[in-house]
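Shown next, in structure tokens, is the structure this report addresses.
Any read-out appearing in this document is the output of simple, stated calculations on the displayed coordinates, not a laboratory observation. Model, not experiment: these values are computed from the prediction. We place every Cβ from the backbone using ideal geometry, glycine too, and count neighbours over all the protein chains shown.
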Amino acid sequence: MAVSARQFTARRSEREVLVLVVEDLHWFDPQSDAFLERLIESFPGSRTLVVIIFRPHFSARWMRHSYYRQLPLAPLGDQ
């Protein structure tokens, strides 16, 4: 039986906190970005934390929701 990513994450977050980390979102192709958007929109009300790392110029529709929080980081110094 095939299980979708939504079903997997929903089942997993019923038992425990689920943390997903996605790096370099600014490099995603349009299909991957659409997949991630559908996945993120299925998380409100679940015990899921999504940590996404991207460059400052990136933006997505799901970033406008009340459940989104951005924590900007300063660039690293030379050291």
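Observations, loosely collected:
- Packing-based order for 57-68, 32-43, using average beta carbon neighbours within 10 Å, highest first: 32-43, 57-68
- Theoretical gain in end-to-end length, ALA74 to LEU25 [0.36 nm per residue, Cα-Cα removed]: 15.9 nm
- Extending 7 Å from the Cα toward the beta-carbon at both SER42 and MET63 defines two label points whose distance is 2.4 nm.
- For segment 58-73, Karplus couplings with θ = phi - 60° (6.51, -1.76, 1.60), whole Hz, Gly/Pro x: 6, 8, 8, 4, 5, 6, 8, 7, 5, 7, 8, 10, 10, 10, x, 10
- Sequence-distant residues sharing a close amide H with THR48 (under 5 Å, placed H): LEU18
- If you take all other residues with their beta carbon under 9 Å from the beta carbon of LEU25, and give Lys and Arg +1 and Asp and Glu -1, the sum is -2.
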